[in-house]
Amino acid sequence: MSRVNKRAVILLSGGLDSATVLAMARAQDLDCYALSVAYGQRHEVELQAAAAVAKHLGAREHRVMRVDLAHIGGSALTDRSIDVPTTPGEGIPVTYVPARNTIMLSLAMAWAEVLDAREIHVGVNAIDYSGYPDCRPEFIAAFQTLAGLATKAGVEGRGLEVRAPLIQMSKAQIVREGTRLGVDYSLTVSCYQADENGDACGLCDSCRLRREGFVSAGLSDPTRYRPRAGQGGENFV
């Protein structure tokens, strides 16, 4: 379908999923404005990865906005006194960041209005994910309603579409699609406790899902993992 306005705001964390979303949007010949958020995350090195991914995939612009959710805390990703779990648990994990996706989508919505962009793309996924409530289709549908009510564009009938192209894809499907579109996953950082070089722990939930995605896709995992006791290599399965 031909688009008169081809501008889109892409939420870009620097991880595997959001890099794939940016590649998919570029494949649709959209003018992509990438937005990353520094929210006080312990793995802030992902923002460096986001800059590299934005350049690699040809984003028209990449911006970083700051909202320090560490002042609120309540998550292992923003409060260093809470350990990042290294084994799967029950229920919503402590790596859930209260209101994170709501805030990020709101920032994307504001920038989209300024740009007169008609689409926001976000890499939430409800298949291979950690069980976060703000990664579900119901949440995206609710935010779509909000975008229609809370914006000048929505009131004037120009609309703003919130798109979550990965929401019903497995991690293996995401990896295959990104690989097909030329994503260099070695540039991305997914680990919740990546070090300053972007090397991954290989133990957290995000590392586990990422690694399983490459294994299931039958593709080589380019992630740099920190050596663990008794293991000398950079990568392991």
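No other residue among Ala110, Ala147, Ala141 is over 29 Å from Gly202 (Cβ atoms), of a type outside the set (D, E, K, R), in contact with a helix residue (DSSP H, G or I) (Cβ under 6 Å, 6 or more places away or on another chain) and part of a helix (DSSP H, G or I) apart from Ala147.
Just one of (1) loosely packed, with under 15 Cβ neighbours inside 10 Å; (2) assigned to a strand (DSSP E or B) fails for Asp29. It is (2). Consider the stretch 150-167 and keep the residues that are in a loop (DSSP other than H, G, I, E, B) and modelled with pLDDT of 95 or more. The one that is surrounded by the most Cβ atoms within 10 Å (Cβ to Cβ) is Leu166. Selection of first residues in the stretch 26-46 that are within 30 Å of Ala70 (Cβ to Cβ) and of second residues that are of a type in the set (S, T, N, Q) and buried (at least 24 other Cβ atoms within 10 Å of the Cβ), restricted to Cβ pairs under 6 Å at least 6 apart or on distinct chains, gives the following pairs, ordered by first then second residue: Glu46/Ser13. Scanning the stretch 112-160 for residues being more than 24 Å from Gly14 (Cβ to Cβ) and among the acidic types (Asp, Glu) gives a total of 4. Screening the stretch 113-137 for residues that are assigned to a helix (DSSP H, G or I) and within 15 Å of Ser18 (Cβ to Cβ) and picking the one that is nearest to the chain's Cα centre (by Cα) gives Cys135. Exactly one residue out of Ala59, Ala50, Ala23, Ala70 is under 21 Å from Arg180 (Cβ atoms) and not in a loop (DSSP other than H, G, I, E, B), and it is Ala23. Taking the criterion of being without any contact (Cβ under 8 Å) to a residue 12 or more places away in the chain and of a type outside the set (Lys, Arg), no residue of the stretch 174-206 qualifies. In a residue-by-residue description of the stretch 132-147, the property of being surrounded by fewer than 14 Cβ atoms within 10 Å (Cβ to Cβ), among the acidic types (Asp, Glu) and closer than 27 Å to Ala99 by Cβ applies to at least one position. Across the stretch 11-20, which residue is surrounded by the most Cβ atoms within 10 Å (Cβ to Cβ) among those that are assigned to a helix (DSSP H, G or I) and of a type in the set (Gly, Ala, Ser)? Taking the candidates together, the pick is Ala19.
Looking for whichever is within 16 Å of Arg7 (Cβ to Cβ) and touching a strand residue (DSSP E or B) at 6+ places or on another chain (Cβ under 9 Å) here; the options are Ala117, Ala141, Ala110. Which one fits?
Numbers: Ala141 fails: within 16 Å of Arg7 (Cβ to Cβ); Ala110 fails: touching a strand residue (DSSP E or B) at 6+ places or on another chain (Cβ under 9 Å).
Ala117 is the lone residue from the list that is within 16 Å of Arg7 (Cβ to Cβ) and touching a strand residue (DSSP E or B) at 6+ places or on another chain (Cβ under 9 Å).
The values are calculated or read from the model by the stated rules, or taken from the named source; none is laboratory data. From a predicted model like this one, the values you see are computed outputs, not experimental measurements. Cβ coordinates were reconstructed from backbone atoms using ideal geometry, including for glycine residues, and neighbour counts include every protein chain displayed.
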